[in-house]
Amino acid sequence: MEEKGISPLRVTSVREACARFLEQKILSGEWPIGSRLPSERYLASSLEVSRLILHEAMVELAAKGLVEITPRRGIFVADFRRDGAIGLLSSLMNFQNGELDPRFLASLMDMRLLLETETARLAALNRSDAQIRELEGILEQESAARINDHAALTDLDFLFHQAIAIASGNLMYPMIINSFKRVYTRLTGQFFQYFSGSGAISDLLNHHRALVGAIRDADSHGAEEIMRRMLIEGADLLRKVLGTDDFMEGSYGN
């Protein structure tokens with residue numbers, strides 16, 4: 001049967017590649033805040049894309065708060081600290097394949113402490129029975145995973161924190177956590193590899209079990225404190241993994 005109102009599929013890979021190129025120019029500082037970008041005509045010609053594709057990429061960047069499109073004046077690099085939207089987080093995380101500067105990583109860790117202690121507190125108050133079963137299922141998978149299966153433990157660790165964010169009942173928190181998944185799993189993957197076979201991994205999994213217990217018991221204060229202690233201890237261990245204190249300077253009250 002013929003369906004009405006269905007538009008043809010469009011291939012967006014060229015537009016996405018164009019947008020990523022423009023993001024790199026801005027996030028690297030090559031196009032500094034406040035500077036005026038080359039004209040769309042010039043950029044489209046240089047990149048060998050249509051002006052329509054180039055304009056669509058610019059609109060995407062504007063929605064993220066990276067550029068400001070001013071009619072009859074041009075396109076200017078915006079200050080993402082003032083204008084950046086949540087969509088920009090994934091771009092910042094993917095910039096330079098996850099190799100972020102120490103200041104940004106410190107900011108990320110501070111944000112995570114604030115965000116995830118709150119998701120744990122709310123999860124204890126709002127979780128459903130199905131969400132408790134989901135968390136318990138993740139614990140079972142962690143217990144069954146081989147201690148040297150870094151990839152499995154990394155995936156399960158992310159699913160654990162994501163599930164808590166979902167159980168909080170706040171629709172925004174899971175999306176924020178999803179936005180920094182790439183950097184999150186990169187760091188935790190290094191953690192599991194570095195501490196393979198050590199007590200650090202056992203301690204982490206014990207924290208997970210205690211946290212699920214607090215959430216199951218509707219102990220919001222206990223859940224918040226367990227998450228806080230787990231994140232602070234994890235930050236201390238990440239210093240050893242990365243071989244530097246730089247990215248943690250100023251974070252978690254240090």
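For segment 200-223, give me each residue that is acidic (Asp, Glu) and not in a helix (DSSP H, G or I).
So in segment 200-223, the residues acidic (Asp, Glu) come out as 203, 217, 219.
Of everything in segment 200-223, those that are acidic (Asp, Glu) and not in a helix (DSSP H, G or I) turn out to be ASP217, ASP219.
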Residues of segment 106-134 being modelled with pLDDT of 95 or more, assigned to a helix (DSSP H, G or I) and either in contact with a strand residue (DSSP E or B) (Cβ under 7 Å, 6 or more places away or on another chain) or over 16 Å from GLU224 (Cβ atoms) (or both), which ones?
ASP129, ALA130, GLN131, ILE132, ARG133, GLU134
Pairs where the first residue, in segment 231-243, is within 14 Å of ILE201 (Cα to Cα) and the second is part of a helix (DSSP H, G or I) and of a type in the set (Val, Ile, Thr), C-beta under 8 Å, 6+ apart
LEU231/THR117
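Considering only segment 190-199, state which residues are part of a helix (DSSP H, G or I) and surrounded by fewer than 18 Cβ atoms within 10 Å (Cβ to Cβ).
Here is the first cut: in segment 190-199, the residues part of a helix (DSSP H, G or I) are 190-194, 199.
Listed by number, the residues that qualify are GLN190, GLN193, TYR194, GLY199.
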Just wondering, is there one or more residues in segment 208-229 that are open to solvent by 60 Å² or more (accessible area, probe 1.4 Å) and among the polar types (S, T, N, Q)?
no
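Every residue, every condition in (1) modelled with pLDDT of 90 or more; (2) loosely packed, with under 10 Cβ neighbours inside 10 Å; (3) outside any helix (DSSP H, G or I); (4) not β-branched (Val, Ile, Thr), yes or no:
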site	(1), (2), (3), (4)
ILE6	no, yes, yes, no
ARG10	no, yes, yes, yes
ARG15	no, no, no, yes
CYS18	yes, no, no, yes
PHE21	yes, no, no, yes
GLN24	no, no, no, yes
GLY34	yes, no, yes, yes
PRO38	yes, no, yes, yes
ALA44	yes, no, no, yes
May I ask you to say which residue of PHE158, PHE192 is among the aromatic types (Phe, Trp, Tyr), over 15 Å from the mean Cα position of the chain (by Cα) and within 30 Å of GLY87 (Cβ to Cβ)?
PHE192
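The values are calculated or read from the model by the stated rules, or taken from the named source; none is laboratory data. Everything quoted here is computed from the prediction, not taken from an experiment. When we count neighbours, we look across all protein chains shown, and the Cβ atoms used for this are built from the backbone with ideal geometry, even at glycine. Protein only, heavy atoms only, side chains kept; ligands, DNA and RNA dropped before computing areas. Shrake-Rupley method; radii C 1.70, N 1.55, O 1.52, S 1.80 Å.
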